[in-house]
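One structure below.
The values are calculated or read from the model by the stated rules, or taken from the named source; none is laboratory data. This structure is a prediction, so every number in the text was calculated from the model and none was measured. Every residue, glycine among them, receives a Cβ derived from its backbone with ideal geometry; neighbour counts consider all protein chains shown.
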Amino acid sequence: MGGLTCVLKLAAAGKKVLALERQPVPGGLTISFKRNGFTFESVLHYVDGLAPGGEIREFLDEHGVSNKVDFIEAKEFGRVIYPEHDFVVSNDSDSLKTWLKSNFPQDKEGIERFFHDTDKFYQQLDRFVESRIPDWLKLLLSPLIYPSIIKTSCLTLEQFINKKIKDKRARSIIGTIWGFVGSAPSEISAFYFLIVFRGYWMESTAFIKGGSSSLFKAMVERIRELGSEVRFNSVVKEIITGRNKQVRAVRTAAGEEFTAQVVISNANAIDTLTQMIDCVPLKKEYTQKLFCMQKSLSGTQLYLGLDISAAELGMRHALMCINTTYSHDENFRYCLSSDYRRCGILVTNHSQLDPGLAPSGKSTFSAMALDNYANWDKLTAQDYKKKKEEFADIMLGRLEKYLPGISGHIEVLEVATPKTMERFGLLPEGAIYGFSQSVGQSSINRLAQETKIKGLFLTGAWTQPGAGIHGCLVSGNDAADAALKFLKK
């Protein structure tokens, strides 16, 4: 999404762009794929910002893509399950606030203060983004005119929320979507969490009919209409620089060389800056910096094609977020140790939103757990297969509790592991969110789009602001702006 957004914006600005994509289809790791008539989302579960007025929707409207896809309204986030609580998040702050105060009356004042502080943060963030003041001046004035942004950038979510709300269960429920960012509330930057929190739990959104690949194909079609080019099965091996550390060209695995004034890399930042660039001193400098940074968790996912509809199994919502504990630190440790019986899982039934994703009367399911790459690395082929089977068995056992009989209706079953994420996304250690969103690696501390090579820019999950379809769109948009500014100079 970062690369496609960047290419589309540059093409719309009248630039001649060549996009080189390693895979035979657009979308990177976040693609739709088909098995025996079922269409699955590879890793996508939820996208915010697609409703009318949302940031992604406005970008697609502005750049002529919205009329090429069909949007399906998603009225809710889904069902959230804890040991003592089971409720539905309805994508608006008032209903969420009301539910929290009703279930935790002793914390009414703290809950009210939490939402007051988050509203103040969103107001200042929106003003910061919309302001036409130069970035350097905005940053200089931030302590005076954007104090909430500075405060949340220096705090973990746990630090931000603990002084306001005493009941640890209420705090845990608010922190539920840490799994969409990949760091526990005791580590995750409050700044980035609140951005995701608004998009996932407080605003309406939509789903793309036909799956995410329908959107990516539409973006490629529009890019070509604007006179730019997209080539698939094209692997870039080297970024070539000339005098004064300025980018000059890229070279592919097939030996083709393309000269350009600007190169934007949507490949992971580690490979881009420590392997692909040809400037040895900068390679060493970036290696020292990037290999000290913490990567996010990976994930393991079960895909199911069922010969029955979701409703017949008792699935009333397109998404279920299942937690066995109120301690997200414990949950995080379960993920690190591949404790699939106790770790949080995310269950998605996209065919409930879009019945066309499955044959008539049937349905698609996925169940995902965050996971540790180290637990899958260096397994023998036999042990790797056995571990996949064990994961599938445990997930099905857990699903039976909420969807009795699901095991007897399986037509398609596949498992993707951290090694799958590494292979298809070319992600170091299968890190699906890029660098982790800790305080020291979030906000302005996160890798910027601009590099130390003139004319070389980065986009995607490893850069500011972070991972996810929405985060990568912002990254691509910012990379395009930086490239246009550079070209203007």
Identify the residue in the stretch 65-79 that is outside any helix (DSSP H, G or I) and of a type in the set (Gly, Ala, Ser) and, among all such residues, is modelled with the highest pLDDT.
Gly78
Looking at Leu4, Leu8, can you tell me which residue is outside any strand (DSSP E or B), crowded, with 18+ Cβ neighbours inside 10 Å, in contact with a Pro (Cβ under 9 Å, 6 or more places away or on another chain) and of a type in the set (A, V, I, L, M)?
Leu4
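Each row is one residue, and each column tells you yes or no for (1) surrounded by fewer than 17 Cβ atoms within 10 Å (Cβ to Cβ); (2) touching a strand residue (DSSP E or B) at 6+ places or on another chain (Cβ under 6 Å); (3) farther than 30 Å from Ser442 by Cα.
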{"residue": "Glu238", "(1), (2), (3)": "yes, yes, no"}
{"residue": "Gln294", "(1), (2), (3)": "yes, no, no"}
{"residue": "Thr300", "(1), (2), (3)": "no, yes, no"}
{"residue": "Ala310", "(1), (2), (3)": "no, yes, yes"}
Please find, among Glu390, Glu422, the residue that is more than 17 Å from the chain's Cα centre (by Cα), outside the structural domain of Glu187 (by TED's automatic domain parsing) and not in a strand (DSSP E or B).
Glu390
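Let's see how each residue does on (1) over 23 Å from Met1 (Cβ atoms); (2) among the aliphatic types (A, V, I, L, M); (3) surrounded by fewer than 19 Cβ atoms within 10 Å (Cβ to Cβ):
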position	(1), (2), (3)
Pro359	yes, no, yes
Asn375	yes, no, yes
Tyr384	yes, no, yes
Leu399	yes, yes, no
Met421	no, yes, no
Leu426	no, yes, yes
Phe435	no, no, no
Could you grab me the full set of residues in the stretch 454-489 that are free of Cβ contacts under 8 Å to residues at least 40 places away in the same chain, farther than 23 Å from Gln294 by Cα and not acidic (Asp, Glu)?
Ala482, Lys485, Lys488, Lys489
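Does Phe258 satisfy the criteria of being of a type outside the set (S, T, N, Q), over 20 Å from the mean Cα position of the chain (by Cα) and at pLDDT below 95?
Answer is no for this residue.
I'd like the residue in the stretch 80-110 that is over 20 Å from the mean Cα position of the chain (by Cα) and in a strand (DSSP E or B) and, out of all such residues, is surrounded by the most Cβ atoms within 10 Å (Cβ to Cβ).
Step one: of the stretch 80-110, the residues over 20 Å from the mean Cα position of the chain (by Cα) are 81-88, 90, 92-110.
Narrowing further to those that are in a strand (DSSP E or B): 81, 86-88.
Numbers: Ile81: 18, Asp86: 12, Phe87: 14, Val88: 15.
So the residue we want is Ile81.
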Given (1) part of a helix (DSSP H, G or I); (2) at pLDDT below 95, Arg224 misses just (2)
In the stretch 257-270, which residues are in contact with a helix residue (DSSP H, G or I) (Cβ under 8 Å, 6 or more places away or on another chain), buried (at least 18 other Cβ atoms within 10 Å of the Cβ) and outside any helix (DSSP H, G or I)?
Val262, Ile264, Ser265, Asn266, Ala267, Asn268
Note on Trp136: of the conditions (1) surrounded by 18 or more Cβ atoms within 10 Å (Cβ to Cβ); (2) aromatic (Phe, Trp, Tyr); (3) within 30 Å of His63 (Cα to Cα), unmet is (1)
Identify, by number, the condition in (1) within 28 Å of the chain's Cα centre (by Cα); (2) in a helix (DSSP H, G or I) that Glu312 doesn't meet.
(1)
Screening Ser183, Ser153 for residues that are buried (at least 22 other Cβ atoms within 10 Å of the Cβ) and under 25 Å from Lys295 (Cα atoms) leaves only Ser183
Search the stretch 271-285 for residues being without any contact (Cβ under 8 Å) to a residue 40 or more places away in the chain and within 28 Å of the chain's Cα centre (by Cα), and hand back the single one that is surrounded by the most Cβ atoms within 10 Å (Cβ to Cβ).
Thr274
